[in-house]
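A.B. asks: Before I ask anything, let me first share the structure, which is written out below as structure tokens.
The values are calculated or read from the model by the stated rules, or taken from the named source; none is laboratory data. Since this is a predicted model, take the numbers as computed values, not measurements. In this analysis, Cβ positions are derived from the backbone assuming ideal geometry, glycine residues included, and neighbour counts consider all displayed protein chains.
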């Protein structure tokens with residue numbers, strides 16, 4: 001009996017980007033001279049040959065339905081030149097070859113409900129992960145958190161009000177796919193996993209689960225006569241790393257899955273070397289559908305940074321100048337024993353000096 | 001006839017406020033899309049999502065789904081509450097590799113939208129955190145059909161699982177004067193050398209390439225990739241002194257001191273009496289700050305190349321790691337230059353495939369075995385640019401120190417001779 005022939009894939013890999021570039025970009029590839037910021041949401045790049053290209057950046061809902069995608073294309077065809085790109089924070093950028101096209105393009109985007117901004121020292125779109133909409137291990141719904149938060153930060157997206165750019169990220173578990181951010185809003189589990197021992201033997205490859213634990217708190221065990229796993233709850237750091245390879249080790253919990261907020265992650269090499277984010281707040285309720293408690297803390301941190309930061313200081317630069325005690329003082333956030341590092345390399349984070357501000 | 005709509009009182013709250021709402025978008029598919037399959041699928045998706053909001057839990061589980069000939073590229077999702085929400089019971093994501101820099105024509109986006117609504121939910125994201133175009137929501141049967149259709153017009157799947165993953169590059173030389181490298185060429189050269197390792201997971205864990213055109217590192221390559229290629233330059237920062245004077249005239253000397261001179265991390269800049277700028281380039285660390293501020297007056301030099309850093313990753317399992325320098329500077333001009341970069345990547349992946357533990361990222365392996373053993377495996381010499389400072393601990397055996405010192409000095413002499421021609 002013959003099966004229908006399967007079509008072998010064409011392993012073309014990563015496609016050629018030049019075919020999708022605006023012709024002005026193709027012509028001036030590698031020959032740009034300088035750039036300016038004519039207004040929030042707009043960049044102007046000028047090439048060695050005197051050619052100019054204007055970029056208009058807009059925020060979207062990131063999870064796009066085909067109607068919204070076509071709307072973005074319609075705008076691109078009618079008001080821009082039919083070429084777009086997406087930033088790594090999922091903003092859309094339209095490129096046009098004449099200044100006269102900028103204003104009508106901005107108007108069309110805003111009339112359609114998209115938000116123009118996200119350039120220079122603004123708060124850009126929050127980079128985020130999939131959450132309850134699609135992930136298999138999420139503690140929250142990043143898309144919802146981000147929508148609720150951007151509703152409140154929209155003026156900061158539209159304007160250049162901050163000392164320097166602010167990149168915010170969210171993550172739905174402690175693996176933190178959202179990445180480092182000037183401010184990161186991440187799920188923090190606060191209780192060890194609850195194990196469904198009836199399912200472990202059938203669902204989980206036990207040695208890999210044991211190996212996955214960062215603190216060696218998991219060991220094989222016989223429970224009710226069935227092979228299963230047990231967790232040393234005193235050792236367990238509630239990271240949830242065992243949950244992806246073994247879903248019967250349920251880490252998410254309606255009450256105990258909280259948010260933590262981290263600040264000062266910075267990927268750029270500008271001024272200092274790249275930095276990791278640091279814990280500043282925890283125990284924040286995971287409170288759908290609009291997560292007001294998390295947004296309130298983010299806004300509080302942003303307000304203090306805006307008032308106290310100097311031009312060009314990213315959040316990590318600002319805190320390095322004023323010191324961590326002043327950060328906690330100015331934001332009113334509590335500093336606790338949980339803020340003191342105990343992971344590998346922890347001693348490097350301790351103050352081995354008399355450098356203390358009074 | 002469409003199913004009755006699930007009530008979504010919590011999700012409805014996310015239709016309020018000025019930022020564009022993804023919930024409104026999913027509802028549009030449910031209410032306005034002509035295809036009943038999409039109406040029903042998005043209705044049940046909304047139902048399950050509302051259930052998640054009410055119970056504060058996720059209800060998707062993974063599985064094994066791919067397309068013919070590949071072992072990766074699809075993120076399988078099966079609903080754990082499919083009895084209540086049967087139409088979205090299979091809701092896989094198709095990961096598609098975008099071009100470096102995420103460029104699209106509107107024509108191509110429309111073509112992708114047309115294919116997607118034939119087979120999938122109508123939901124798409126540009127892009128996921130790894131860098132894939134994410135086509136979210138398709139059942140197992142239609143996964144193959146959707147892939148077959150878009151694969152015919154030039155699109156291929158990205159990685160998922162323990163394999164080489166989709167790469168990411170900044171906008172780069174296409175639109176940025178700060179770019180020091182042809183990101184398009186680096187990205188495609190690396191990724192398409194490892195196409196087989198993208199499609200057929202057989203490595204210890206994921207391996208990511210990212211390319212940033214300059215040290216601003218707009219794609220977060222140092223922290224988020226196993227192999228970070230960052231554009232840089234060796235000669236002097238280019239200064240247009242007339243533009244420096246214009247900048248001083250506009251902002252004043254004090255502001256130039258505050259924003260530029262004092263913020264230089266290696267204190268290598270001087271604002272002269274006549275409002276021109278001097279830079280001690282031998283002490284410049286190529287941080288980009290002054291160039292970011294004075295975009296017309298300053299720009300990267302002409303002797304461009306890349307720094308390569310290895311081992312960046314996020315938290316799981318041993319904590320976050322930044323990539324570390326293993327190649328301080330490399331020219332990327334000739335075919336041989338690119339070939340050498342590819343060979344380095346091949347050597348790293350081979351060595352890691354051989355020596356990495358299951359689920360151990362390359363950076364974690366380096367942490368476990370030490371950078372020195374890794375360099376030995378790569379045939380690379382120790383270089384002071386690889387460290388923040390030399391060792392502090394005296395607890396080490398120095399058996400072959402004299403030989404290593406001689407090698408270093410001979411190597412330096414060879415470099416000087418090569419430079420002198």
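A.B. asks: So if I check each of B:401, B:374, which one is surrounded by 11 or more Cβ atoms within 10 Å (Cβ to Cβ) and at pLDDT 95 or above?
C.D. replies: Residue meeting the stated conditions: B:374.
A.B. asks: Tell me, which residue of the range B:5-52 that is touching a helix residue (DSSP H, G or I) at 6+ places or on another chain (Cβ under 8 Å), free of Cβ contacts under 8 Å to residues at least 24 places away in the same chain and in a loop (DSSP other than H, G, I, E, B) is nearest to residue A:141 (Cα to Cα)?
C.D. replies: The extreme case among them is B:21.
A.B. asks: Another one. Being over 30 Å from residue B:249 (Cβ atoms), crowded, with 19+ Cβ neighbours inside 10 Å and within 14 Å of chain A (Cβ to nearest Cβ) narrows it down to one residue among B:364, B:358, B:333; which is it?
C.D. replies: B:364 is the lone residue from the list that is over 30 Å from residue B:249 (Cβ atoms), crowded, with 19+ Cβ neighbours inside 10 Å and within 14 Å of chain A (Cβ to nearest Cβ).
A.B. asks: Also, I was wondering about something else. Within the range B:214-236, which residues are more than 8 Å from the chain's Cα centre (by Cα), assigned to a loop (DSSP other than H, G, I, E, B), surrounded by 24 or more Cβ atoms within 10 Å (Cβ to Cβ) and at the interface with chain A (Cβ under 10 Å from one of its Cβ atoms)?
C.D. replies: Of everything in the range B:214-236, those that are more than 8 Å from the chain's Cα centre (by Cα), assigned to a loop (DSSP other than H, G, I, E, B), surrounded by 24 or more Cβ atoms within 10 Å (Cβ to Cβ) and at the interface with chain A (Cβ under 10 Å from one of its Cβ atoms) turn out to be B:214, B:215, B:217.
A.B. asks: Going by the conditions given, is residue B:359 modelled with pLDDT under 95 and either under 27 Å from residue A:277 (Cβ atoms) or more than 24 Å from the chain's Cα centre (by Cα) (or both)?
C.D. replies: Judged against the criteria, residue B:359 is a match.
A.B. asks: All but one of (1) modelled with pLDDT under 95; (2) surrounded by fewer than 21 Cβ atoms within 10 Å (Cβ to Cβ) hold for residue A:128; which doesn't?
C.D. replies: (2)
A.B. asks: Looking at the range B:250-259, is at least one residue facing chain A (nearest Cβ under 9 Å), buried (at least 17 other Cβ atoms within 10 Å of the Cβ) and not in a helix (DSSP H, G or I)?
C.D. replies: No.
A.B. asks: Kindly indicate the residue of the range B:106-137 that is part of a strand (DSSP E or B) and more than 13 Å from residue A:134 (Cβ to Cβ) and also farthest from the other protein chains (Cβ to nearest Cβ) among those meeting that condition.
C.D. replies: B:133
A.B. asks: In the range A:58-171, which strands (runs of 3 or more DSSP E) lie fully inside it and hold 1 or more residues that are more than 10 Å from chain B (Cβ to nearest Cβ)?
C.D. replies: A:92-96, A:168-171
A.B. asks: Just one of (1) in contact with a helix residue (DSSP H, G or I) (Cβ under 6 Å, 6 or more places away or on another chain); (2) in contact (Cβ under 8 Å) with a residue 40 or more places away in the chain trips up residue B:86, so point out which.
C.D. replies: (1)
A.B. asks: Further, regarding this structure: Evaluate the following for residue B:315: is it under 19 Å from the mean Cα position of the chain (by Cα), on the phi < 0 side of the Ramachandran plot and in a loop (DSSP other than H, G, I, E, B)?
C.D. replies: yes
A.B. asks: Here is a follow-up. Can you work out which of the residues in the range A:307-358 that are out of contact with any strand residue (DSSP E or B) (no Cβ under 9 Å at 6 or more places or on another chain) and crowded, with 16+ Cβ neighbours inside 10 Å is nearest to the other protein chains (Cβ to nearest Cβ)?
C.D. replies: Applying the filter and picking the extreme gives A:312.
A.B. asks: Also: For the range B:328-338, does any single residue satisfy the condition of being assigned to a helix (DSSP H, G or I) and within 23 Å of the chain's Cα centre (by Cα)?
C.D. replies: Yes - at least one qualifying residue is present in the range B:328-338.
A.B. asks: When residues of the range A:216-238 are filtered for being in a loop (DSSP other than H, G, I, E, B) and either over 23 Å from residue A:140 (Cβ atoms) or in contact with a strand residue (DSSP E or B) (Cβ under 7 Å, 6 or more places away or on another chain) (or both), how many remain?
C.D. replies: Matching residues across the range A:216-238 total 9.
A.B. asks: Taking the range B:272-307 as the region of interest, how many residues are surrounded by 17 or more Cβ atoms within 10 Å (Cβ to Cβ), in contact with a helix residue (DSSP H, G or I) (Cβ under 7 Å, 6 or more places away or on another chain) and either more than 14 Å from every other protein chain (Cβ to nearest Cβ) or in a loop (DSSP other than H, G, I, E, B) (or both)?
C.D. replies: Matching residues across the range B:272-307 total 5.
A.B. asks: Residue B:189 - would you say it is more than 7 Å from every other protein chain (Cβ to nearest Cβ) and touching a strand residue (DSSP E or B) at 6+ places or on another chain (Cβ under 9 Å)?
C.D. replies: It is false that residue B:189 is more than 7 Å from every other protein chain (Cβ to nearest Cβ) and touching a strand residue (DSSP E or B) at 6+ places or on another chain (Cβ under 9 Å).
A.B. asks: If you take the residues in the range A:181-192 that are surrounded by fewer than 24 Cβ atoms within 10 Å (Cβ to Cβ) and more than 15 Å from residue A:138 (Cβ to Cβ), which one is nearest to the chain's Cα centre (by Cα)?
C.D. replies: My answer is A:190.
A.B. asks: In the range B:136-145, is there at least one residue being closer than 30 Å to residue B:356 by Cα, surrounded by 24 or more Cβ atoms within 10 Å (Cβ to Cβ) and touching a strand residue (DSSP E or B) at 6+ places or on another chain (Cβ under 7 Å)?
C.D. replies: no
A.B. asks: Residues B:323, B:301, B:319: which one is closer than 30 Å to residue A:186 by Cα and touching a residue at least 12 places away in the same chain (Cβ under 8 Å)?
C.D. replies: B:323
A.B. asks: Residues in the range A:261-274: is at least one in the same structural domain as residue A:311 (by TED's automatic domain parsing), without any contact (Cβ under 8 Å) to a residue 12 or more places away in the chain, more than 24 Å from residue A:348 (Cβ to Cβ) and in a loop (DSSP other than H, G, I, E, B)?
C.D. replies: The answer is no, given that none of the residues of the range A:261-274 is in the same structural domain as residue A:311 (by TED's automatic domain parsing), without any contact (Cβ under 8 Å) to a residue 12 or more places away in the chain, more than 24 Å from residue A:348 (Cβ to Cβ) and in a loop (DSSP other than H, G, I, E, B).
A.B. asks: To continue, here is another question. Within the range B:146-165, how many residues are part of a helix (DSSP H, G or I) and either closer than 13 Å to residue B:200 by Cβ or at pLDDT below 95 (or both)?
C.D. replies: So the answer is 0.
A.B. asks: Continuing with the same structure: Hey, could you check the range B:166-180 for residues that are within 21 Å of residue A:43 (Cα to Cα) and assigned to a loop (DSSP other than H, G, I, E, B) and say which is nearest to the other protein chains (Cβ to nearest Cβ)?
C.D. replies: Among residues in the range B:166-180 that are within 21 Å of residue A:43 (Cα to Cα) and assigned to a loop (DSSP other than H, G, I, E, B), the one nearest to the other protein chains (Cβ to nearest Cβ) is B:177.
A.B. asks: When the range A:36-56 is examined, which residues are found to be crowded, with 18+ Cβ neighbours inside 10 Å and without any contact (Cβ under 8 Å) to a residue 12 or more places away in the chain?
C.D. replies: The answer is none; no residue qualifies.
A.B. asks: Further question on the same structure: Which of the residues that make up the range B:76-105 are surrounded by fewer than 20 Cβ atoms within 10 Å (Cβ to Cβ), in contact with a strand residue (DSSP E or B) (Cβ under 9 Å, 6 or more places away or on another chain) and part of a loop (DSSP other than H, G, I, E, B)?
C.D. replies: B:76, B:80, B:82, B:89, listed by residue number.
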